[in-house]
Amino acid sequence: MPPSESSPRTSSGASPGLTAEGVSKRFGTVQALEDVTISFPPGQVTALMGENGAGKSTLLRVLTGDHRPTEGRVLLDGKPVDLHSPQDARRAGIRIIPQEPEIVPHVSVAENVYAGSLPRAAGRRLDRAELRRRINADLERLGFAKVLDPDLLGSRLTAAQRQLVEILRALTGEVPPRAIAFDEPTSSLSEFEVEALFALIGRLRDEGIAVVYVSHRMKEIFRLADRIAVLRDGRVAGVVEAAATDESALVRLMVGRDLSTLFVRRQVATDRVVLDVKNLTTDDVRDINLQVRAGEVVALAGLIGAGRSEFALALAGDAQVRSGSVELGGKPLRLKNPRAAITAGIGLAPEERKAQALFLHRTIRDNTSLVSLGRLRRWRFVKHQQERALAQQFADRLRVRAPSIEAEVRTLSGGNQQKVVLARWLARKPDLLILDEPTRGVDIGAKAEIYQIIADLAREGTAVLIISSELPEVLGLADRIVVMQNGRTTGELTRAEASEEAVLALAMADDLAPADAADDRATAHAPTGDPR
C-alpha cells in the first residue's frame with residue numbers, strides 16, 4: 001500500500017491540527033527520519049505505529065520540541081511553529097505523555113502535577129488551600145478522583161500512578177492543549193485505569209483536540225483510532241483509515257512481510273520433570289501445584305491481580321515461601337533469596353525490565369554477563385576478553401540492534417532491551433526460565449523474534465514458564481495453560497483444549513475468595529516441614 005495522507009484541509013489549503021511536513025532527522029551518519037509528512041487533525045485520534053527503531057519516538061520528540069529537525073518543519077493549524085524546547089511546545093499547546101514519567105519523589109501528587117505553576121499565597125508561600133481546590137477539581141474533571149490520592153508522595157507512586165500524574169500534568173496549565181501525544185500510555189495501567197484513560201481520550205477528541213496515540217497493542221488501536229499512520233525505517237509506510245484496514249494489513253505495513261506464521265512451534269516436551277511445585281503458599285498465593293517438563297512451554301494466564309507475578313517471584317527467591325515445596329530436577333530447593341534460585345538453575349525475566357532487570361546506564365556487555373561472572377572471573381578479576389566474547393555471542397544470536405555491546409542499555413529500543421534480558425539468561429543456561437510479560441511494549445517484529453527464541457529454548461530442552469496478559473500469545477506459545485485467580489489456580493488446559501473463551505471462563509470463575517496467607521500463618525504455628 002503506498003503512503004497516503006487524506007486529512008481534512010482548512011479553507012486556505014493548509015492542514016489543520018498538528019503537522020510534520022517533510023521532516024528529516026539525522027544523528028551523525030544515522031538517518032532516523034526521512035521526508036516524513038503526517039498530519040494529526042483536530043477532533044481525531046491518529047495512531048502512530050511501527051516497529052521499534054522505525055522513528056516513532058524521534059518524530060514525537062520533533063513534534064514536542066525535544067529535537068530540532070534536520071530538514072522540514074512543524075505546523076500547528078497550518079502555521080509554522082519554531083520549537084526550540086519542550087517548553088516552547090507546551091506554550092504552543094502541544095503536549096506529550098511520555099512512556100517514562102518524570103516524578104519528583106519527595107513532594108506530593110498535587111505538587112508534581114503543577115510543578116512550575118504552583119499557587120502562591122502572600123510571602124510567596126505555597127497556597128495549600130488553593131492547591132487542594134485545584135487538584136480535586138482537575139481529578140474530578142478528568143475522571144481520576146477514584147484512582148489517585150493527591151497527597152501521596154512521588155516516591156510511593158506505582159508505575160500506573162506515575163503515568164496518571166504525567167497525564168494530569170499534560171492536561172493542566174494556563175495554555176489549553178491543542179495536540180496531545182500518548183506514548184504507550186497503558187503499558188503499566190490496570191484494566192480500570194485503562195478504561196478511565198480511554199474515556200478521557202474520547203472526551204479530548206470530542207473537544208476538538210488532536211490526539212496522537214502510540215501503542216503496539218492492536219486491540220487498543222482499533223478501539224480508539226480514527227486514522228493509523230505507519231512508519232517503517234524512518235519513512236511513512238502508509239496512512240489509512242482505521243475502519244478500512246485490519247491487523248494483517250497493518251503488520252504488512254510495519255514489517256514489510258506477512259507474519260501469519262508468528263506462532264509456528266513444534267511440541268518437543270519430554271517426560272523429564274524439571275520443576276515440581278507442591279502446595280506452595282506465600283503471602284500472595286496459596287496451594288499452588290505445578291509441573292513443567294524439559295522442552296515444555298507452560299503459560300500462566302489470568303486477570304490482573306491473579307497472583308501470577310507473585311508466584312514467579314517466589315520461584316525466583318524474591319518472596320518468602322510460607323509452606324509447600326519446590327523441586328528442580330528432582331532436588332528440593334530452599335529458595336531463601338534470588339542468588340539461591342540462580343545457583344539452583346532458575347532464571348527470571350521480570351515484568352518491569354527497566355526497574356527490575358536492567359542496569360540502564362551500564363553497557364550491553366555488563367548486563368549480559370551479570371549472572372555469569374562466576375565463570376568469567378579468576379580470583380577477583382573478570383576475564384574481560386571472555387566477557388566480551390560471551391556478550392557478543394548472544395547479542396549476535398538474538399540480533400540485538402545496537403552500535404556495539406559497549407552501548408548503554410538505556411539507548412536501546414524496548415524490544416532490544418528485552419533481548420538483552422534474554423541474552424543474560426541464555427548465557428547462564430538455566431534449567432527453568434520464567435518470562436513475565438516477555439513482549440510488553442515490544443513491536444510486532446521484535447515479538448516474532450522473541451517467540452522464535454522461546455521456541456529455540458524449548459527445543460534445546462529448557463523448561464519455560466511464561467506469564468502473559470495477551471491471550472493470543474498464551475494460546476500461540478503454550479503447550480499447557482494454567483489459569484490463576486486471586487492467588488490460586490482454577491484450572492489447566494492442554495493446547496488442544498485451550499481457547500480464549502475457555503481461559504477467560506477459568507480466569508473469572510465464581511466464588512473464589514482471595515488467597516490470604518494470614519489464615520495460613522494463624523494455623524501454621526506447628527512445623528509444616530522445610531519451606532522449599
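Throughout, read-outs are computed from the coordinates displayed, never taken from laboratory work. Being a predicted model, the structure only gives us computed values, none of them experimental. Here the Cβ is made from the backbone with ideal geometry for all residues, glycine too, and neighbour counts use every protein chain on show.
Numbers for the structure displayed
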read-out	value
Given charges at Cβ of Lys, Arg, Asp, Glu: the range 316-460 dipole, positive-most of 453, 316, 389	389
Cβ charges +1 (Lys, Arg) and -1 (Asp, Glu), total dipole of the range 88-198, debye	620 debye
Whole-number percent relative contact order across the range 177-292, with pairs defined as alpha carbons under 8 Å at least 6 apart	15 percent
Relative contact order %, the range 104-156, counting alpha carbon pairs below 8 Å whose residues are six or more apart	56 percent
The chain: calculated mean residue ellipticity at 222 nm from DSSP helix runs of at least 4, using -39500 (n - 2.57)	-9500 deg cm²/dmol
Along principal axes, Cα extents of the range 104-156, largest first, whole Å	34, 24, 15
Contact order normalised by residue count of the range 357-429, Cα under 8 Å, 6+ apart, percent	48 percent
Helix runs (DSSP H) in the chain reaching 20 Å along axis by Cα, Kyte-Doolittle at least -0.5	191-206, 414-428, 444-459
For residue 72, distant residues with modelled amide H under 5 Å away	24
